[in-house]
1. For Y83, are the conditions met, namely being in contact with a strand residue (DSSP E or B) (Cβ under 7 Å, 6 or more places away or on another chain), part of a loop (DSSP other than H, G, I, E, B) and without any contact (Cβ under 8 Å) to a residue 60 or more places away in the chain?
2. Can you report the number of residues in region 95-132 which are crowded, with 16+ Cβ neighbours inside 10 Å and on the phi > 0 side of the Ramachandran plot?
3. Being within 16 Å of the ligand (Cβ to nearest atom), under 18 Å from the mean Cα position of the chain (by Cα), farther than 22 Å from G122 by Cα and among the hydrophobic types (A, V, I, L, M, F, W, C), is that true of even one residue in region 36-45?
4. Need at least 3 residues that are within 15 Å of the ligand (Cβ to nearest atom), under 19 Å from N18 (Cβ atoms) and of a type in the set (V, I, T) per element, so show me which strands (runs of 3 or more DSSP E) inside region 86-181 make the cut, counting only ones lying wholly within it.
5. Of the residues that sit in region 1-58 and are of a type in the set (G, A, S) and assigned to a loop (DSSP other than H, G, I, E, B), which one is modelled with the lowest pLDDT?
6. Name the residues in region 78-98 that are of a type in the set (G, A, S) and under 17 Å from D36 (Cβ atoms), would you?
7. Using the structure shown, decide if A186 is of a type in the set (A, V, I, L, M), under 22 Å from L12 (Cβ atoms) and crowded, with 19+ Cβ neighbours inside 10 Å.
8. Among residues belonging to region 136-149 that are in contact (Cβ under 8 Å) with a residue 40 or more places away in the chain and within 16 Å of D36 (Cα to Cα), point out the one that is surrounded by the fewest Cβ atoms within 10 Å (Cβ to Cβ).
Amino acid sequence: MKTNNSVILEQLPLGPMNNFTYLIGDAADRNVGVVDPGWDPENIINYCRAQNYVIAAILLTHGHYDHVNGVPQLLKQCSVPVYLSKYEPEYYRPECGDIRFVDDREEIRIGGLKILCLHTPGHSPGSQCFLAGGLLLSGDTLFINGCGRCDLPGGDARKMYASLYEVILKLPATTLIYPGHDYGEAGSATLEDQRKTNPYLQCRSREEFLTGLMA
Ligand SMILES: [Fe+2]
């Protein structure tokens, strides 16, 4: 899947929990970041080899096991930095030594591609989305016609409301959403479409969100 001429984006459905792992990078140099390698790292490595992609980094939207399971195995095969939100390790810390902790609005470079980290707590304290070239890898914060659960340790429905309404909905309507799980009828959608069809983006107030949807 190539969304335009300059950005590589590959959506890989892997594992038993409908996860999506993504490869995102610069088409000019074919360096890619592996986003949320939860399952089947051999498959990810073989796919990159076949496509001539160079794995340059691992990016984690959050630390839940179904998003990070494959990190140790991946690191055995390629020595690359692992990026995780600085707000996550108190609750969820992946099994790997060298983690680079990033803050809200920090930029990660994968070859020639700049990726902006957006801190979007709610599903977990250090959940983050990755924005690059009009694409938003939304992890378990925003699904197609759904949003992440907030009842796991470190979850917070009030913070989820702020992440959805004050961060994600402030992005351009043309932004393409790529979620962390394949729970919807489609693997991606524009933010404009989600504003119309996703019930979690329809609330008129925080109270309506908390009492109507998250109660
Ligand atoms: Fe999760």
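The values are calculated or read from the model by the stated rules, or taken from the named source; none is laboratory data. Fair warning: this is a prediction, and the values are worked out from it, not measured in the lab. Here the Cβ positions follow ideal geometry from the backbone for every residue, glycine too, while neighbour counts run over all protein chains shown.
1. Details: in contact with a strand residue (DSSP E or B) (Cβ under 7 Å, 6 or more places away or on another chain): yes; part of a loop (DSSP other than H, G, I, E, B): no; without any contact (Cβ under 8 Å) to a residue 60 or more places away in the chain: yes.
Taking the combined requirement at face value, the residue does not satisfy it.
2. Looking only at that region, the number is 2.
3. Filtering region 36-45 for residues within 16 Å of the ligand (Cβ to nearest atom) gives 36-39.
Narrowing the set further to residues that are under 18 Å from the mean Cα position of the chain (by Cα) leaves 36-39.
Still in the running and farther than 22 Å from G122 by Cα: 39.
Checking the rest, the ones that are also among the hydrophobic types (A, V, I, L, M, F, W, C) come to 39.
Yes, region 36-45 has at least one match.
4. Values: elements: 99-102, 107-110, 113-119, 128-132, 135-139, 176-179.
Hits in region 86-181: none.
5. Going residue by residue through region 1-58, those that are of a type in the set (G, A, S) are 6, 15, 25, 27-28, 33, 38, 50, 56-57.
Now drop any that are not assigned to a loop (DSSP other than H, G, I, E, B), which leaves 6, 15, 27-28, 38.
On the way: S6: 90, G15: 96, A27: 94, A28: 94, G38: 97.
Selected residue: S6.
6. Of all residues in region 78-98, those of a type in the set (G, A, S) come to 79, 85, 97.
S85, the sole residue that qualifies.
7. Values: of a type in the set (A, V, I, L, M): yes; under 22 Å from L12 (Cβ atoms): yes; crowded, with 19+ Cβ neighbours inside 10 Å: no.
Here the answer is no, as A186 does not meet what is asked.
8. As a first pass, look at region 136-149 and keep what is in contact (Cβ under 8 Å) with a residue 40 or more places away in the chain: 136-147.
Still in the list and also within 16 Å of D36 (Cα to Cα): 136-143.
Values: L136: 24, L137: 28, S138: 30, G139: 29, D140: 26, T141: 28, L142: 31, F143: 22.
Among those residues, the one meeting the criterion is F143.
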